[in-house]
Amino acid sequence: MPSRGAMRHLIALLACGLLVWGGSAFAQTPTPDPCDPTADAAFFTGVGDSAFRLRDYSRADRAYTCALARDPASPDALARRGYARSVQGDDAGALADFEAALTLNESAIDVYVNRGALYMRQGNFALAIADLTLALALEPDNTRALHNRAVVHAAEGSFALALADIDAALAVAPDDPDLHAAKGAIYLGLANASYGQFRALAGDTTPFFGGAPAGLYLAFERNTVTGNFGEWLGLLRPGRD
Amino acid sequence: MKRMIMTVMALAMLAIGVFSVSAQQNDEPRQTPLVCDAFTDRADTDRISYYMGEGIANYYAGLYERAEDSFSCIVEQIDDDYAPGYTARGQVYMAQRDYVEASEDYGSAINLDGNLFGAYNNRGIARASRGLNDEALEDFAAAIAAASDYRPARINRAVLNATLENYESAIADLEQAITESGIDDVLTELERPDRPSDAPRPGYEPIDAQAYAILGIVYSNYALENFESYITLMRGDADQRVQSAAGSLQSRANFDLRLDDGSYYLLTDFIAATFTGG
């Protein structure tokens, strides 16, 4: 790792180089190199994080791969690339990243959060809960872990547990809008469960009160009818943006 | 750390529109505090590298406010002597048409490294965009003094001089840019009568051809001036053909070939477009 002095020296050299440059520096923007050999791991991690926050997981994956090519021992890059890969459907690659990250740092909370999200996507609620509970054992106030565990609980129909987790997260971060959205979704799920009880008792043909929010309601109703937990997946969040 | 070098090395020239929108002041306090909590356990060089990467990616994603924050993390919280942080943030401000802040950032970079001719060039554009023409001309001159073959600054100075109707100065700069670049030789080769039609095109930088375009606009304005002198002298008896030509040139000068809208300036790109599109 170059020292600050070395860095300044390089920059000074560059400035001198530019001063003596002739026409060649008018070159057009260079052909994009997906893994510019002159850049370092921290730089690509920054690139990856930008893409990650934009949910541009394909680009994030590429940037983290560049970062890891330079510094394979970066749990953060592994955790986020794993999440990016999971979202893109590369579960095997994601799990490999998570394993590698945990080998480097078994207390990497984000890895448990992100692997929990992957298990949730796979429908493996038990493993998801286990990972998220591990994350919370390491950091009880981790709102991402609480949020995601709430989502998993909701997806498996354990609304009371879901509400407990989301309320715990809201106690830590009352101004986090995503938490309120998740809580609303849980209430919708709860409403649907109650509606299911209503239909079971009153019959399918009995009209339900008119209204809103019909789209979400129908989505969660489909979830209940089909057993497809996919309606909940959009609520999952990575361990860290 | 070479990343920073690449950032400065990328000198793709961008044409920007600068005059049409007034500069936006950006010196009010931040609405939200600047949070720079990435890589806090790492060396400053790593943190700088991280935020350069993040900022550049944000910039190319069009997220200028986030890019500004990324570069601000560098110069406000990590190392206020890091010139590429200022030039990068200055470019973000230029994209936001915030010429006051851009001028300040390029000035900070220049204070740290007086040889940053690209920073002089860009500050010249920012100042011209604010109507600070004398200061802008000084900046373009400083850029040329720092790198005599830095043709974008020479072309930019010609654009500004043409805007100020200093046509002879503009023409002198443009002709020098053409001579220095050798683009006139390229043109001669392309126009050679016995040149085979399948001969490969000679290599040249498109930016150098720009000098001919600006020269054409200058001569067009020159021609318009002469036509107008003629029409003034002839009062109502001016030749209709000349009056028509003058009207046509006036229309073009007001629209497509308008130099004072800033769109013909050449900005030095301090933000490398290397991998972010990858």
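The values are calculated or read from the model by the stated rules, or taken from the named source; none is laboratory data. Just so you know, these numbers come straight off a predicted model, no measurement behind them. Here Cβ is always computed from backbone atoms with ideal geometry, including for glycine, and neighbour counts include all displayed protein chains. Surface areas here come from the heavy atoms of the whole protein model, side chains and all, with no ligands, DNA or RNA. Shrake-Rupley method; radii C 1.70, N 1.55, O 1.52, S 1.80 Å.
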- [ ] List the residues whose amide H sits under 5 Å from the amide H of residue B:268, counting only those 5 or more places along or on another chain, with H placed 1.01 Å from N in the peptide plane.
- [x] B:122
Open item on the list: Give me the inter-chain shielding for B:52-64: mean count of other chain Cβ atoms within 10 Å, whole number please.
Closed with: 6
Task: Percentage relative contact order, the range B:143-201, counting C-alpha pairs under 8 Å, at least six apart - done: 23
Task: Residues in the range A:33-60 that, when all protein chains are in place, have 30 Å² or more less accessible area than the chain alone would give (probe 1.4 Å) - done: A:36, A:38, A:40, A:42, A:43, A:46, A:47, A:50, A:53, A:54, A:59
TODO: Sort all Cα-Cα distances of the range B:230-269 into consecutive 5 angstrom bins from zero, then give the percent of pairs in each bin up to the one containing the longest distance.
DONE: 6, 21, 18, 14, 13, 11, 7, 5, 3, 2, 0
Open item on the list: Please compute the contact order of chain B in relative form: average sequence separation of alpha-carbon pairs under 8 Å and at least six residues apart, divided by the residue count, as a percent.
Closed with: 26
Task: Buried area at the B-A interface (accessible, heavy atoms, 1.4 Å probe, summed, Å²) - done: 4100
- [ ] Using only atoms on other chains, find how many Cβ atoms lie within 10 Å of each Cβ of peptide B:39-48 and report the average.
- [x] 4
Open item on the list: With a 1.4 Å probe and all protein chains kept in place, how do A:65, A:103, B:40 rank by accessible area, largest first?
Closed with: A:103, B:40, A:65
Task: Over 19 Å [Cα-Cα, the range B:33-110], rounded percent - done: 28
- [ ] Calculate, for residue A:99 and residue A:178, the FRET efficiency according to 1/(1 + (r/R0)^6) with r their C-beta to C-beta distance and R0 41 Å; round to the nearest 0.05.
- [x] 0.90
Open item on the list: Defining a contact as two alpha carbons under 8 Å apart and six or more residues distant in sequence, what relative contact order in percent does the range B:116-223 show?
Closed with: 21
Open item on the list: Could you sort A:166, A:129 by their accessible area in this structure, using a 1.4 Å probe and putting the largest first?
Closed with: A:129, A:166
Task: Inter-chain Cβ neighbour average for residues B:143-152, partner chain, 10 Å - done: 3
- [ ] State the percentage of accessible surface on the range B:72-111 attributable to carbon and sulfur atoms; use a 1.4 Å probe and exclude ligands, DNA and RNA.
- [x] 26
Open item on the list: Run the numbers for residue B:31 and residue B:232: contour at 0.36 nm per residue of separation, minus the present Cα-Cα distance, in nm.
Closed with: 66.7 nm
Task: Accessible surface of the range B:124-174, 1.4 Å probe, proportion on carbon and sulfur as whole % - done: 39
Task: Rg followed by Dmax, in Å, when the range A:75-131 is reduced to its Cα trace - done: 9.8, 27
Task: Sulfur and carbon atoms: percent of accessible area, the range A:144-191 [1.4 Å] - done: 61
Task: Karplus 3J(HN,Hα) series, Hz, for the range B:40-51 with 6.51 cos²θ - 1.76 cosθ + 1.60 (x for Gly, Pro) - done: 5, 8, 10, 5, 4, 4, 5, 5, 4, 4, 4, 6
Open item on the list: Roughly how far apart, in whole Å, are the Cα centres of the range B:122-197 and the range A:163-184?
Closed with: 59
Open item on the list: Under the rule a/c < 1.5 gives rounded, and otherwise a/b versus b/c splits prolate from oblate, where does the range B:119-278 land using the Cα gyration tensor?
Closed with: oblate
TODO: Take the alpha-carbon centre of the range A:74-142, take the same for the range B:209-278, and report the distance between them in whole Å.
DONE: 60
